[in-house]
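Here the structure is laid out as structure tokens; the discussion comes afterwards.
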Amino acid sequence: MQPNHHALTRRSLIAGGVGATVAGALAACSDDASAGRPTATSTGTGTSTSISPGTSTGTGPTSWSELAAATKGALLRPGATGWDDARVLRNPRFDDADPRAILRAANADDVVAGLAFARNTKTHVALRSGGHSYTGWSAGGAPGTGVPRSLVISTADLDTVELSDDGTAVTIGPGAQLLDVYEHLAEKGRAIGAGSCATVGIGGLTLGGGVGVLVRSFGLTCDQLTAVTVVTADGRVHEASAQQDQDLFWAAQGGGGASAGVVTSMTFRTQAAPEVLVFALTFPWSAAADVVAAWQRWAPTADDRLWSSLKLLAGSRHADGPVVTVAGTWTGPKSGADASVDGFIADVGTEPTSHVATESSYADAMRAEAGSGKRVSESATSAIGSQQLSAAQIQTVLTQVEQASSVHGLVEGGVSLDALGGVVGTVGTTDTAFPWRSALWTVQYTATFANGADPAPFDTYVRGFRAAMQPVWGTSAYANYCDASITDVSAYFGDNTSRLRSIAQGADPDGLLSQPHWL
């Protein structure tokens, strides 16, 4: 392959007419998040769970001022300094969100206090890590999301990255953004495989599975998880791993956010940071059918060290017509990448119009993949690519992409296919909550548009694309690309749905953390 060449102070902020009277602190809180609290255990087998749900004792905050006094992080009410910045997500389509309050937790005890307040006052809870929720559920009360005005418990400030002395393990707060994680690890010559968007919080990414640019050689992000701290709805803090509280740990490995509790810390295995070759190919649209056919034969079965993504996009950003690109990473000797990518190009039968390849360090490669991190109004949904497309089905894909240009106001839309296989397929279907181990790729249908525009026509476009492909890929979907129109949660979790539901019901029998169309 030849290259052509928020800041918020850590204090409680009360606004909106609520007094600042100091009340009693929450019982059983301590600097050690697990001190004084029993850790439940589970068998980790079958569909039953032995997680004890616990009951509310009536202790803990019963007013906003008491919650402020009981927590170290910032409690924001409408009108408080920093409120407008804190309440919005990464997707501007939800900028009219109006939550009741936002608790920016500084530690697990703050989460315990927030959940106690919610139980005592019957306040709905919404959970937020990086704020990239496609459905807007983590906004805690955006119109049209089906979520009532809520107390948002945000773990964005739980963002520490701490490597073990020997560097083989890293403990990360769920609010740590991916680019920060990568750079901390790279400084010590270590790496994990995770997503590509700079501002995504590692908590939400991992809980839904974690597809990224090293997924075929490192595995899903959740496959690299070795331990997790979870606060269940009853306020108990669990240190879950393969050795204890196995059900909670299993659910954290791809079972989606808010399935069983609030995650406040995650520990991962690390690997030596590899040198990474990043490549990108652009082909003429006239060759798009041949590119899709060759890519689907190549990408999921290539050497495990090679990962790639196929994108077919149109819209006003592409004034000269739709585009087809293949981009990817390689973590082995460059000669291996040359042979593999050149073989793919030969199979396409058309030379790319652009062919760029850059060898770089792990840190530089992840930085290059991270993108701008800008907030963009977007509609999206997903599927799981379970089988290759026939020639007729490829034509359906191309037709759907071309239709993006006829949707008024659509800036860029179409489909992205991210290769699976490799290490992902070596894990059993039920070994983690992520069930799609034999899948060929994940599928993301997207449409971006101007801030403030009515999202309805763009939702219609991406959901119509998904529906057009259901005859081949069925109704399955990826939990991290959730869609409010998918009302059957088994679409995300397949054969693992019943066990996940049992764990969720055991950990949260009163549905304190419930979300629309979720477990």
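The values are calculated or read from the model by the stated rules, or taken from the named source; none is laboratory data. Because the structure is a prediction, the values reported are computed rather than measured. Because the Cβ atoms are built from the backbone with ideal geometry, glycine has one as well, and the counts that use them run over all protein chains shown. Side chains are part of the model used for accessible areas, which takes the heavy atoms of the whole protein and leaves out ligands, DNA and RNA. Shrake-Rupley method; radii C 1.70, N 1.55, O 1.52, S 1.80 Å.
Worth a mention:
- Of the residues TRP441, TRP518, TRP473, the single one that is open to solvent by less than 40 Å² (accessible area, probe 1.4 Å), hydrophobic (A, V, I, L, M, F, W, C) and at pLDDT below 95 is TRP518.
- Filter result (open to solvent by 10 Å² or more (accessible area, probe 1.4 Å) and either of a type in the set (Val, Ile, Thr) or closer than 17 Å to GLY173 by Cβ (or both)) within region 262-273: VAL263, THR264, SER265, THR267, THR270
- Among all positions in region 499-514, there is no residue which is under 30 Å from THR331 (Cα atoms) and of a type outside the set (Asp, Glu).
- Screening THR62 with (1) surrounded by fewer than 23 Cβ atoms within 10 Å (Cβ to Cβ); (2) in contact with a helix residue (DSSP H, G or I) (Cβ under 8 Å, 6 or more places away or on another chain); (3) modelled with pLDDT under 95; (4) over 16 Å from ALA105 (Cα atoms) gives one miss only, at (3).
- Selection from region 306-328 of residues that are open to solvent by 10 Å² or more (accessible area, probe 1.4 Å) and either in a strand (DSSP E or B) or not small (Gly, Ala, Ser) (or both): TRP307, LYS311, LEU313, ARG317, HIS318, ASP320, PRO322, VAL323, THR325, ALA327
- Among (1) within 30 Å of PHE449 (Cβ to Cβ); (2) assigned to a helix (DSSP H, G or I); (3) in contact with a Gly (Cβ under 9 Å, 6 or more places away or on another chain); (4) not small (Gly, Ala, Ser), the one test that VAL341 misses: (1)
- THR475 being assigned to a strand (DSSP E or B) and hydroxyl-bearing (Ser, Thr, Tyr): no
- Any hit, region 252-262, residues being at pLDDT below 95 and more than 15 Å from the chain's Cα centre (by Cα): yes
- Qualifying residue in region 384-391 (condition: more than 29 Å from SER217 (Cβ to Cβ), surrounded by fewer than 19 Cβ atoms within 10 Å (Cβ to Cβ), of a type in the set (A, V, I, L, M, F, W, C) and modelled with pLDDT of 95 or more): yes
- Residue count for region 294-305 under the criterion of being hydrophobic (A, V, I, L, M, F, W, C) and either open to solvent by 20 Å² or more (accessible area, probe 1.4 Å) or in contact with a Ser or Thr (Cβ under 6 Å, 6 or more places away or on another chain) (or both): the result is 3.
- Enumeration of residues in region 181-199 that are modelled with pLDDT of 95 or more and either within 21 Å of TRP518 (Cβ to Cβ) or part of a loop (DSSP other than H, G, I, E, B) (or both): LYS188, GLY189, ILE192, GLY193, ALA194
- Test result for VAL152, at pLDDT 95 or above, open to solvent by less than 20 Å² (accessible area, probe 1.4 Å) and within 24 Å of CYS482 (Cα to Cα): yes
- Selected residue [open to solvent by 10 Å² or more (accessible area, probe 1.4 Å), of a type in the set (Gly, Ala, Ser) and either within 25 Å of PRO92 (Cβ to Cβ) or out of contact with any Ser or Thr (no Cβ under 7 Å at 6 or more places or on another chain) (or both)] from ALA194, ALA198: ALA198
- Taking region 329-347 as the range and being farther than 22 Å from PRO284 by Cβ, hydrophobic (A, V, I, L, M, F, W, C) and surrounded by fewer than 14 Cβ atoms within 10 Å (Cβ to Cβ) as the test, only ALA339 passes.
- PHE94 passes every criterion in (1) buried (at least 24 other Cβ atoms within 10 Å of the Cβ); (2) within 21 Å of VAL263 (Cα to Cα) apart from (2).
- Of note, GLU162 does not satisfy the criterion of being at pLDDT 95 or above, touching a helix residue (DSSP H, G or I) at 6+ places or on another chain (Cβ under 7 Å) and not in a loop (DSSP other than H, G, I, E, B).
- Subset tally (residues that are open to solvent by 30 Å² or more (accessible area, probe 1.4 Å), among the charged types (D, E, K, R) and within 26 Å of THR232 (Cβ to Cβ)) for region 97-111: 1
- Taking the criterion of being assigned to a loop (DSSP other than H, G, I, E, B) and either crowded, with 16+ Cβ neighbours inside 10 Å or aliphatic (A, V, I, L, M) (or both), the only residue of region 356-374 that qualifies is ALA370.
- Qualifying residue in region 104-116 (condition: over 21 Å from GLY173 (Cβ atoms) and touching a helix residue (DSSP H, G or I) at 6+ places or on another chain (Cβ under 7 Å)): no
- Here THR396 meets each of (1) of a type in the set (Ser, Thr, Tyr); (2) out of contact with any strand residue (DSSP E or B) (no Cβ under 7 Å at 6 or more places or on another chain); (3) surrounded by fewer than 16 Cβ atoms within 10 Å (Cβ to Cβ) with one exception, condition (3).
- Within this structure, PHE465 fails the test of being open to solvent by less than 20 Å² (accessible area, probe 1.4 Å) and more than 27 Å from GLU412 (Cβ to Cβ).
- Residue in region 112-129 that is in a loop (DSSP other than H, G, I, E, B), open to solvent by less than 10 Å² (accessible area, probe 1.4 Å), in contact with an Asp or Glu (Cβ under 7 Å, 6 or more places away or on another chain) and within 18 Å of ALA258 (Cα to Cα) present: no
- Every residue from region 415-435 that is of a type outside the set (A, V, I, L, M), in a loop (DSSP other than H, G, I, E, B) and in contact with a helix residue (DSSP H, G or I) (Cβ under 7 Å, 6 or more places away or on another chain): GLY421, THR429, THR430, THR432, PHE434, PRO435
- Meeting the requirement of 2 or more residues that are closer than 26 Å to ALA113 by Cα and in contact with a Pro (Cβ under 9 Å, 6 or more places away or on another chain), the strands (runs of 3 or more DSSP E) wholly within region 209-273 are 262-269.
- Flag for ALA240 being open to solvent by 30 Å² or more (accessible area, probe 1.4 Å) and in contact with a Phe, Trp or Tyr (Cβ under 6 Å, 6 or more places away or on another chain): no
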